[in-house]
Amino acid sequence: MNSTIPHHPHIEFTSHPNAFARRRMLSCPGEPLFIAGWHRVVMIHFEMDPATLQRAVPFPLDLWNGRAFVSLVAFTMYRMRPRVGGKLAALLFRPIATHDFLNVRAYVRLGDECGIHFLAEWLSNRLAVLLGPATFGLPYHYGLTAYDHDWHHRSIRGQVTDAKNRTRLKYCGTLAGPGTLRPCVAGSLDEWLMERYTAFNAAGGRKRFFRVWHPPWPQCAANVQVDEISLLTNIWPWFESSPIVGANYSPGFDTVWMGRPHSLPRR
């Protein structure tokens, strides 16, 4: 591999389920396909009624002690490029290499593999919005984003506006104090929510999946208030009555492995 794994000083990374995900990705020829940085990541977790959520998800839900969750994941992707091809390949990818994301993800399980399913994603790059659905089967929308995830001042603030209908998500909050960045506790709900390495997608009726890998998240708790959720309730009215059960912040990574799309067998 030409990529390197970034080191976060003073953080002792756990090995499970991260190590298994790494071995699984490297067992497939040609993986990873892309490398990118994921920076200044905020995750906001909502608890959902399992039966209601299942009707919106084309894969079996993965439940935590019978409870279902949907998470908003707001971050900036930085310098995405192919794993091979060097500077020329990176130059060709420059138009879609860096932009903001808002992912809305549910938690699913297919066979013995647990992962996530993207209900929707808003991106701040028009070209990436055009390319994503065709290549990975991802439900992309173009959004106007404004993120201020400031670890040094322990504050987060974000806004995403759908470019077509002007619905909006707006949130703000505070982060835990210095010295609190650490991996999730093994077996905790935080680990269950954050340490996911497979995405199952079904845009256009074609079911596909891809895998990612990165070190375990260095993270801390966040106290988040969501001030406007019309971006969500315009599509899923049940978000209005779904409580926030927690939030996390991570500075992210400079090197994330992103795998190629694979088709799932038709049933």
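Observations, loosely collected:
- Qualifying residue in the range 139-150 (condition: within 18 Å of the chain's Cα centre (by Cα) and among the acidic types (Asp, Glu)): yes
- Among all residues of the range 161-175, there is at least one that is surrounded by fewer than 17 Cβ atoms within 10 Å (Cβ to Cβ), touching a residue at least 24 places away in the same chain (Cβ under 8 Å) and within 26 Å of ALA134 (Cα to Cα).
- The set of residues in the range 132-146 that are at pLDDT 90 or above and either out of contact with any strand residue (DSSP E or B) (no Cβ under 8 Å at 6 or more places or on another chain) or outside any strand (DSSP E or B) (or both) contains only PRO139.
- SER230 vs. criteria of a type in the set (S, T, N, Q), at pLDDT 95 or above and under 30 Å from LEU26 (Cβ atoms): no
- Residue pairs meeting the criteria (Cβ under 7 Å; at least 6 apart or on separate chains; first at positive phi, in the range 25-53; second surrounded by fewer than 20 Cβ atoms within 10 Å (Cβ to Cβ) and polar (S, T, N, Q)): ARG40/THR76
- Residues of the range 49-108 satisfying the condition of being farther than 23 Å from SER188 by Cβ and of a type in the set (Gly, Ala, Ser): ALA51, ALA56, GLY85, GLY86, ALA89, ALA90, ALA97
- In the range 239-267, the residues that are without any contact (Cβ under 8 Å) to a residue 60 or more places away in the chain and under 17 Å from PHE46 (Cβ atoms) form Cβ pairs under 8 Å with partners that are of a type in the set (A, V, I, L, M, F, W, C) and not in a loop (DSSP other than H, G, I, E, B), at six or more places apart or across chains, as follows: GLU240/ILE229.
- Residue match in the range 53-76 (condition: at pLDDT 95 or above, within 24 Å of ASP112 (Cα to Cα), among the hydroxyl-bearing types (Ser, Thr, Tyr) and in contact with a Lys or Arg (Cβ under 6 Å, 6 or more places away or on another chain)): yes
- Leading residue by the ranking (surrounded by the fewest Cβ atoms within 10 Å (Cβ to Cβ)) among those in the range 45-69 that are part of a helix (DSSP H, G or I) and within 21 Å of the chain's Cα centre (by Cα): PRO50
- Taken over the range 176-202, the criterion of being surrounded by fewer than 17 Cβ atoms within 10 Å (Cβ to Cβ) and farther than 25 Å from TRP151 by Cα is satisfied by GLY187 alone.
- Selection of the range 82-102 for residues being surrounded by fewer than 20 Cβ atoms within 10 Å (Cβ to Cβ), not hydroxyl-bearing (Ser, Thr, Tyr) and not in a helix (DSSP H, G or I) yields PRO82, ARG83, VAL84, GLY85, PHE93, ALA97, HIS99.
- Qualifying positions in the range 242-263 - modelled with pLDDT of 95 or more, surrounded by fewer than 18 Cβ atoms within 10 Å (Cβ to Cβ) and outside any strand (DSSP E or B): PRO243
For every residue, the table says whether it meets (1) acidic (Asp, Glu); (2) farther than 20 Å from TRP217 by Cβ; (3) in contact with a Leu (Cβ under 7 Å, 6 or more places away or on another chain).
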{"site": "ARG23", "(1), (2), (3)": "no, no, no"}
{"site": "ILE44", "(1), (2), (3)": "no, no, yes"}
{"site": "PRO50", "(1), (2), (3)": "no, yes, yes"}
{"site": "ASP62", "(1), (2), (3)": "yes, no, no"}
{"site": "PHE69", "(1), (2), (3)": "no, no, yes"}
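- LEU72 under 22 Å from ARG208 (Cβ atoms) and not in a helix (DSSP H, G or I): no
- Whichever residue in the range 54-69 is in contact (Cβ under 8 Å) with a residue 60 or more places away in the chain and in contact with a helix residue (DSSP H, G or I) (Cβ under 7 Å, 6 or more places away or on another chain) and, among such residues, is farthest from THR233 (Cα to Cα): TRP64
- Evaluation of VAL129 against (1) closer than 22 Å to LEU33 by Cβ; (2) modelled with pLDDT of 95 or more; (3) touching a Leu at 6+ places or on another chain (Cβ under 6 Å) (one fails), failing number: (2)
The values are calculated or read from the model by the stated rules, or taken from the named source; none is laboratory data. Small disclaimer: the values here were computed from a predicted structure and weren't measured. Neighbour counts run over all protein chains shown; Cβ positions are idealised from the backbone, glycine included.
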